[in-house]
Amino acid sequence: MDAFLRFCLGGGDPRTPETRRRCGVMSGSIGIGLNLLLFLGKLLAGIATASIAVTADAFNNLSDAASSVVTLVGFRLASQEADEEHPFGHGRMEYLAGLVVALLILLVGAELAQSSFQKILHPEPVAFDLLPAVILAASVAVKLWMYFFNRGLSRRIQSAALAATAADSLSDAAATSILLLGLVAGHFLSLPLDGWLGMGVALFILRTGWEAVKDTVDPLLGRPMDPELASDIDRIVLGHEYILGIHDLVYHDYGPGRAMMSLHAEVPANANLLEVHDVIDHIERELKAKHHIETCIHMDPVVRDGRTEALRLQTAELARGIDPVLTIHDFRVTAGPIHTNVLFDVVVPYGFRLSDEEVRGTLSLELKKLSDRYFPVIQVDHSYVEGPKAP
C-alpha cells in the first residue's frame with residue numbers, strides 16, 4: 001500500500017496543485033473502474049437472490065462510480081492556474097467536489113431507506129446461492145482496499161474530498177458485510193431480514209454522508225486555522241530579530257496549497273524602520289516558501305520601557321485571573337496631566353462564559369484598583385485560530 005501511495009505522489013510536494021491533481025485523477029480513475037465492476041457483480045447477485053438490499057447496494061456502487069467522476073473532474077479543475085475571474089486560483093473546486101460526493105452519498109442513503117421500508121412492509125423470501133455470496137465477500141475486500149488507499153492519499157495531501165471518498169468506501173464495506181451476513185442468516189433461520197438490514201445500511205450511509213458534508217462545508221464557510229500550523233507560524237515569525245510579539249492572525253483558505261494570511265507584528269518603536277521592513281519582507285517570503293501562504297504583515301511599534309513592561313505584565317496577569325484563556329496584546333501607555341491611558345487588546349474565545357462588555361468592564365475595574373489615574377481603553381478581539389474551548 002505504501003509503495004502504491006508513493007507512486008501516486010510521485011515524490012512531489014503534496015501541497016502543490018500538480019501533485020494534488022495527480023492524486024485526485026489516480027483516485028478517481030481507480031474508483032470509476034472498480035465501482036463499475038462491483039456494480040455489475042452485485043446487480044447479478046441481487047437478481048439471483050431477489051434481494052432488494054443487494055440490488056440497492058449495487059446501485060450504491062454505480063453512484064460511487066459517478067462520485068469518482070466528480071472527484072476526478074474536481075481535482076482537474078482545482079489544479080488550474082489563477083486567472084482574471086479567479087485571481088486566487090481554483091483550489092476550492094476540490095472542496096466542491098467533495099461536497100458533491102457527500103450529497104450523492106446522502107441521496108443513495110435516502111433511496112435505500114425508502115426501498116428498505118417498503119420491503120419491511122411487504123417482505124419477500126430471499127434466495128441463497130454460493131456465487132452471490134462470493135461476489136459480496138469480494139466486494140467487501142475491494143472496498144476495504146479502496147478505503148485504506150483513499151485514506152492514505154487524503155492524509156498525505158490533506159484532502160477533504162478524498163477523505164469523503166474514503167469514508168464512502170468504508171461505509172460500503174460495512175453495508176455489504178451486513179448484507180452478506182443477513183443473506184446467510186436469512187437463509188438458515190428463515191427470517192425476513194432483508195428489509196431491516198437494508199434500513200440499517202441506509203442509516204449507516206446517511207450518517208457517513210452527513211459527516212462528509214460537514215467536513216467539506218467547513219472549509220468553504222471558513223474554519224479556524226489549524227493550531228499546529230498557527231504554532232509553526234508563531235515559531236517562524238518570533239524567531240526573527242526585532243519581532244516582540246504577534247497578534248490578529250487572520251487566515252483565508254482558497255483551497256489546499258492556496259492561502260492568504262495577515263498578521264500584526266509588534267516591533268520596538270525606536271528600531272530602524274528600514275531594517276525592520278527588511279526583516280518583515282524576509283518573513284513573508286519564508287512563510288510562502290514553507291507553507292505556500294501569501295502573507296501580509298502589519299508592523300505595530302510598541303514601547304517596552306521598564307514602567308510600560310511592568311504594567312503590561314500586571315495587566316496580562318489580571319486577564320489570566322479572569323480566565324487563563326484570556327491574553328492581551330498591542331499594549332500601550334500614554335500619560336497625561338490628569339490620567340494615564342492604558343490601551344490594549346484582549347483576545348476572548350468564541351462562546352466565552354462572559355460577554356465582551358463583561359470582560360471589558362471586569363478588566364477596567366481591576367486596572368483601576370492598581371491606580372485611580374489609569375483610564376483603560378480596551379478592545380475585545382476574537383481569535384481566528386482554533387484553540388481550547390472556553391468553559
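A compact table of results
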{"read-out": "Residue among Arg360, Arg312, Arg332 that is crowded, with 16+ Cβ neighbours inside 10 Å, in a strand (DSSP E or B) and outside the structural domain of Asp253 (by TED's automatic domain parsing)", "value": "Arg332"}
{"read-out": "Meets criteria (small (Gly, Ala, Ser), assigned by TED's automatic domain parsing to the domain that holds Lys42 and modelled with pLDDT under 80) for Ser159", "value": "yes"}
{"read-out": "Among residues of region 273-309, those that are assigned to a loop (DSSP other than H, G, I, E, B), touching a residue at least 40 places away in the same chain (Cβ under 8 Å) and either touching a helix residue (DSSP H, G or I) at 6+ places or on another chain (Cβ under 6 Å) or surrounded by fewer than 12 Cβ atoms within 10 Å (Cβ to Cβ) (or both), counted", "value": "0"}
{"read-out": "Identity of the residue in region 315-326, more than 16 Å from Lys369 (Cα to Cα) and crowded, with 17+ Cβ neighbours inside 10 Å, that ends up modelled with the highest pLDDT", "value": "Leu326"}
{"read-out": "Number of the condition not met by Met225 [criteria: (1) at pLDDT 80 or above; (2) within 29 Å of Ile328 (Cβ to Cβ); (3) buried (at least 18 other Cβ atoms within 10 Å of the Cβ)]", "value": "(1)"}
{"read-out": "Filter pass, Leu263 being of a type outside the set (Gly, Ala, Ser), part of a helix (DSSP H, G or I), closer than 30 Å to Glu81 by Cα and touching a strand residue (DSSP E or B) at 6+ places or on another chain (Cβ under 6 Å)", "value": "no"}
{"read-out": "Glu211 closer than 27 Å to His90 by Cα, of a type outside the set (Phe, Trp, Tyr) and either outside any strand (DSSP E or B) or touching a His at 6+ places or on another chain (Cβ under 7 Å) (or both)", "value": "yes"}
{"read-out": "Given (1) surrounded by fewer than 18 Cβ atoms within 10 Å (Cβ to Cβ); (2) at pLDDT below 85; (3) in a loop (DSSP other than H, G, I, E, B), number of the condition Gly255 does not satisfy", "value": "(1)"}
{"read-out": "One residue from Ala166, Ala185 being free of Cβ contacts under 8 Å to residues at least 24 places away in the same chain and surrounded by fewer than 16 Cβ atoms within 10 Å (Cβ to Cβ)", "value": "Ala185"}
{"read-out": "Options Glu211, Glu241: the member that is closer than 22 Å to Trp145 by Cβ, among the acidic types (Asp, Glu), touching a residue at least 12 places away in the same chain (Cβ under 8 Å) and surrounded by fewer than 20 Cβ atoms within 10 Å (Cβ to Cβ)", "value": "Glu211"}
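The values are calculated or read from the model by the stated rules, or taken from the named source; none is laboratory data. Everything quoted here is computed from the prediction, not taken from an experiment. Reconstructed Cβ throughout: ideal geometry from the backbone, glycine too, with neighbour counts over all protein chains shown.
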